[in-house]
Amino acid sequence: MRSPARLTALLAALACALVSGCGGDGSGSSRHANVFPITGLIEGFYGPPYAAEDRLALVHVLAEAGLDHYVYAPKNDPYHRSRWREPYPPDELAAIGELARAAAREGVTLTFAVSPTDMAFTNEADVAALLAKLDAVRAEGVRSFTVSFDDTLPFFSAPGDLLRYGLDLAAAHAELVNSVLAHLRASEPAAELFFTPMDYNGAIQPYSFRLGELLDAAVPVFWTGPSVYSPSVDAAYMAQVADALRRPPLLWDNFPVNDAFYAYELHLGEYLGRDPALAGVLGGVILNTMIEPRASQVALRQLGTFADDPARFDPERAWRAALEATAPGSNAFRLFAEQSRASPLGRVDAVELEAKVDAFYDAFDGGGPAFDEATAGLGALFDRFSAIRPALAREVADARLLAEIEPWITRLEELGAIGRRGLDAIVAAHGGAADRAAALSVKAMAVESELDPHRMCGDAVARFLSEGADRLAR
């Protein structure tokens, strides 16, 4: 017998299958059947919250991509998390309402999240503060909400909670969320409420089974997959999660997010490793976006293509279509993104550069026309890196996108210049006797190429220079 969780999602997938022209091959079809009930983004990273202008731009991207939810949950918004008991200042509350109305005009739902991290569940004042926070946002026109207990301590801190619940955190969480749902629906029967649990990835713990037993069936639950940053997510694993939670989970997909360990990276590569059969298991997919909102649209547009028809999803084709939609007609932006393809989902940066470095050293000992050709190809690519800034300025109309990626533009320029200097030095000493002075100079360039922490080109430039230094020293 199929579980109710699987049956619900399978019916959604079947409904899409009955609609022609899903457009999941990356062709840019304007029809969005979308096999998942819920899709979109979560502004849920640790870092500066987005500016209002950038949120509005992302809402438009969501609508274009056929995605339908914007979850507002910036960890560094103090009124969302650390100062959750306090009401929003009037101007910030009004801005949330303006965003909700702008999203609605585009067919996108704004979901407001609050994370009462240090809540005392048996403290009536804490419960009242949470409901007041939600009511204030609801008065601004928001009808979709999330209560989040991710990244919270796995124990009670209030004596009253211990007396009432013992060690049963799931019971406390479920009772609170159920009461919040009842409160919201007493005034707005169509109100939507999601929940982010304390355990949200990896091996399924007793907490999740207990939560599934007690939590109102109308409340979808977020889950990030087998790990926090999941290189792959398969349907069989998520079906186990669905069975434990007794509902189709919402995949909180930590891509392309780049906070914490990834703060010096841009994740501009392909959306990989998501099982097409997830369409029969999940209640939705929400991408956690980068600190850089405009750059995040590359991933969001790929999710739109995946959600149209997962079985026909071609990551490479969808990625190239997303780059084109982000910066129409810009070869420079595609070149830039190609140097920043790697992410926790896999792939490598600088595929073309790696191939040209290999070709250069394959021809190194033999010299001749093959070496000259490899030298010219590698040098031309380094020169394109060095000239990336004016090329981007000519071709990319979105000034805020260029401002976001500025540190990485500088980084690519520097790598191009260092690579060209190293190439010229290696070629000048090529074919002669061992040249230890030249080898030391090129080795110093290899060190120089790794000084800036902003990642571009992976380690391809450092590898090229280090190998050149070794060959010159022989």
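Here, each number is a calculation from the coordinates, and none is a lab measurement. Please read these numbers as outputs of a predicted model, since none were measured by experiment.
Values as computed for the structure displayed
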{"quantity": "Rg in Å to one decimal, and Dmax rounded to a whole Å, for the range 351-473 via C-alpha atoms", "calculated": "15.3, 51"}
{"quantity": "Debye intensity ratio I(q)/I(0), log10, the range 323-418, q values 0.17, 0.21 Å⁻¹ (C-alpha model)", "calculated": "-0.80, -1.06"}
{"quantity": "Antiparallel DSSP beta bridges within the chain, as percent of all bridges there, nearest 5", "calculated": "5 percent"}
{"quantity": "Reachable lysines, given that their alpha-carbon falls under 26 Å from the alpha-carbon of LYS133 and they are not under 8 places away in the same chain", "calculated": "LYS75"}
{"quantity": "Convex hull of Cα atoms in the chain, direction-averaged projection (nm²)", "calculated": "25.5 nm²"}
{"quantity": "Between 0 and 90°, nearest 10: helix 351-362 axis offset from the chain longest Cα axis", "calculated": "30 degrees"}
{"quantity": "On Cα atoms only, tilt of 297-308 relative to the major axis of the chain in degrees", "calculated": "60 degrees"}
{"quantity": "Whole-Å semi-axes of the ellipsoid equivalent to the range 238-387 (Cα gyration tensor, √5λ, descending)", "calculated": "37, 16, 14"}
{"quantity": "Stretchable slack from ALA218 to GLU98, in nm (0.36 nm times residue separation minus alpha-carbon distance)", "calculated": "40.5 nm"}
{"quantity": "Euclidean distance of C-alpha centroids, the range 403-474 and the range 312-327, integer Å", "calculated": "31 Å"}
